[in-house]
1. Taking a threshold of 27 Å on the Cα-Cα distance, which of the pairs Lys72/Lys107; Lys71/Lys153; Lys86/Lys175; Lys72/Lys200; Lys72/Lys153 fall above it?
2. Please identify, among Trp27, Trp50, Trp187, the residue showing maximal mean-square fluctuation in a Gaussian network model of the chain using a 10 angstrom Cα cutoff.
3. At 0.36 nm per residue, minus the direct Cα-Cα distance, what do Lys111 and Lys153 gain on full extension? Give it in nm, one decimal, please.
4. Select one label from (i) 54, 22, 12; (ii) 30, 19, 16; (iii) 56, 22, 14: the one whose number is semi-axes √(5λ) of the Cα gyration tensor in Å as derived from the coordinates shown.
5. Given the options Tyr199, Tyr76, Tyr53, state which has the largest fluctuation in a GNM of the chain using a 10 Å cut-off (strictly under) for Cα springs.
6. With +1 on each Lys and Arg Cβ and -1 on each Asp and Glu Cβ, how big is the dipole of the chain about its Cα centre, in debye rounded to the nearest 20?
7. What is the spin-label model distance, in nm, from Thr45 to Thr173 if the labels are put 7 Å beyond Cα along the C-beta direction?
8. Could you give the angle, 0 to 90 degrees to the nearest 10, between helix 2-17's Cα long axis and the longest principal axis of the Cα atoms of the chain?
Amino acid sequence: MLTAIVSFFYANNLSAQLEFPEDKVSWNFTVVQDGENATIIGTITMVEHWHIYAAKLPADSYLIASDVVLKKSTNYKTLGGVIEPKPHFEHDDLADEDLFYHSNTIKLKRKIKVLSEKDFTLKGVFSFQTCDDTHCLPPHEADFEVKIKGVAKEVDVEGSANDFSLVSGDETTDKNGNSFVKVNNEWFQVPAGNSSEFYKKYLSLGGKHEE
């Protein structure tokens, strides 16, 4: 009985001492989009006295850099690497190492150019190692997803079938903001005051297009 009681309290005490990276660092990913240009924004919050290392570290550093990796996709192309605020800096005399790190709440960003005409889900991985003044926890990776709006390709001029050769969907706009829809493999300009969805349905039901 005594052995069981001792084991019980030992297990509880050990459990109370366990620390996990996700208990010290939290994250939330969102997107800000302006047409084909989109910015993936990770809001990263660290509990008091804990930090993560910068995304850009000296080449000879033994520290584990934080990173936001976007999984490859034909729906977009990445523009540059991780954008981060200016990190804190201090020199560790004991290890003779320069430390670059973030604490409190920061934003890590990645920029992309949208190539898809259809909406899609972008998937990525946020990776980091978190430490306090006395010790570090194991490196951690967290998957995330954000929703991206597709962008219709623009056409240069109106009327010619060649203008629409690169458009994979059945809706597009030209550089002047005019909308076009495809019905029965033929493109039509949407008259002012009509939505693309309405005009496609109107034409598919036998409505006559007025030049």
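1. Numbers: Lys72/Lys107 22 Å; Lys71/Lys153 23 Å; Lys86/Lys175 39 Å; Lys72/Lys200 34 Å; Lys72/Lys153 21 Å.
Over 27 Å Cα-Cα: Lys86/Lys175; Lys72/Lys200.
2. Trp187
3. Difference between extended and current length: 13.2 nm.
4. Checking each listed value against the structure points to (i).
5. Tyr199
6. With only Lys, Arg, Asp and Glu charged at Cβ, the dipole is about 860 debye.
7. That separation, rounded to one decimal, is 3.6 nm.
8. 50
Readers should treat all values here as calculations from the given coordinates under stated rules, not as data from a laboratory. Only a predicted model underlies this, so the values are computations on that prediction, with no experimental measurement involved. FYI the Cβ positions are ideal-geometry reconstructions off the backbone, even for glycines, and counts take in every protein chain you see.
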